[in-house]
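Each remark here refers to the structure printed beneath this line.
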Amino acid sequence: MAGKRKPTPTKRVIIKAASELFFENGFSKTTATELCKKANISTGNLTFYFPTKEHILADIVKMMCDFQWKEMESAANEGRSSLLVYCLELTTMVAVGEEMPEMQDFFVAAYAHGIPLDIIRANDVEKIKRVFAEYTEGWDGEKFIETEVLISGIEYATLSSTEHSASVEHRIEGALNTIMMLFDVPEQTRKTKVAKVLGMDYRAIGRKVYEDFKRYVTETNEHNLEEVSRNTKAKPKK
């Protein structure tokens, strides 16, 4: 399958160009023509590696998931609870989306397209197993999968704001409370976590996370491009 082709310099160049355009213009507004121009490739070369933009988005969503795990590990090392970090993660995504329409478009697209959504769901199943471990004794794998489907729907609805949507604070409060209820988190704990998150300057935190994420994607792309170029040059000629 085209989406499974081995990494090559051209493939990495496409991912790098796409991530820059998605962050600058949004996923929906980025065209194949713009992408080919930025990557300096032909349309045929683009579709050889990625049949659709969705396939490219999936690669960048993998980076987003990796970044979120690193953020959670960093927070754990600082002594913050994984539940609080989990709540703050969605909160900052919503805040960033409200301030930057192109990022809201990126987040919503990730949940609206099948391939990246599968990546998010698989990743988040492992995440909720860790975050809600003390509340899910006796749960089997199917129960976590079933619950994550509900969670991804809540996240999608919370990120997808319109002129008729509730305020950011109400959307965040409703989403976090509902998600924690799915795991039978006690009411007082739910109230405490939501109040703590909303009491933070989560918009400023969101802007910092956004800049950190962009930097992470840039550095990952550059590292991957250097590595695959080095490996390609190192292959002996036949």
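Figures for the structure shown
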read-out	value
Single residue of 136, 162 found to be among the polar types (S, T, N, Q) and either touching a strand residue (DSSP E or B) at 6+ places or on another chain (Cβ under 6 Å) or modelled with pLDDT of 95 or more (or both)	136
Residue match in region 207-228 (condition: of a type in the set (A, V, I, L, M, F, W, C), surrounded by fewer than 15 Cβ atoms within 10 Å (Cβ to Cβ) and under 17 Å from residue 91 (Cβ atoms))	no
Residue count, region 95-133 (criterion: among the acidic types (Asp, Glu) and touching an Asp or Glu at 6+ places or on another chain (Cβ under 6 Å))	1
Subset of region 142-174 that is under 17 Å from the mean Cα position of the chain (by Cα), crowded, with 19+ Cβ neighbours inside 10 Å and not β-branched (Val, Ile, Thr) - its residue that is farthest from residue 28 (Cα to Cα)	148
Residue in region 2-21 that is in contact with an Asp or Glu (Cβ under 8 Å, 6 or more places away or on another chain), of a type outside the set (D, E, K, R) and touching a residue at least 60 places away in the same chain (Cβ under 8 Å) present	yes
Residue identified as closer than 20 Å to residue 114 by Cα and either touching a Phe, Trp or Tyr at 6+ places or on another chain (Cβ under 8 Å) or in contact (Cβ under 8 Å) with a residue 12 or more places away in the chain (or both) among 96, 61, 85	61
Unique residue being in a helix (DSSP H, G or I), of a type outside the set (Lys, Arg) and in contact with a Lys or Arg (Cβ under 7 Å, 6 or more places away or on another chain) when the list is 84, 117	84
Out of 89, 134, 102, sole residue that is within 26 Å of residue 52 (Cβ to Cβ) and part of a helix (DSSP H, G or I)	102
Only listed residue being without any contact (Cβ under 8 Å) to a residue 40 or more places away in the chain and in a helix (DSSP H, G or I), chosen from 149, 197	149
Odd one out for residue 75 among (1) in a helix (DSSP H, G or I); (2) closer than 23 Å to residue 152 by Cβ; (3) in contact (Cβ under 8 Å) with a residue 24 or more places away in the chain	(3)
Output for region 159-173, where each listed residue is assigned to a helix (DSSP H, G or I) and either over 15 Å from residue 86 (Cα atoms) or free of Cβ contacts under 8 Å to residues at least 12 places away in the same chain (or both)	159, 168, 169, 170, 171
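Residues checked against (1) under 14 Å from the mean Cα position of the chain (by Cα); (2) surrounded by fewer than 16 Cβ atoms within 10 Å (Cβ to Cβ):
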{"site": "36", "(1), (2)": "no, no"}
{"site": "75", "(1), (2)": "no, no"}
{"site": "79", "(1), (2)": "no, yes"}
{"site": "90", "(1), (2)": "yes, no"}
{"site": "98", "(1), (2)": "no, no"}
{"site": "121", "(1), (2)": "yes, yes"}
{"site": "124", "(1), (2)": "yes, no"}
{"site": "127", "(1), (2)": "yes, no"}
{"site": "133", "(1), (2)": "no, yes"}
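The values are calculated or read from the model by the stated rules, or taken from the named source; none is laboratory data. Not measured: the values here are computed from a predicted model. Counting neighbours? That spans all protein chains shown, and the Cβs are built from the backbone with ideal geometry, glycine included.
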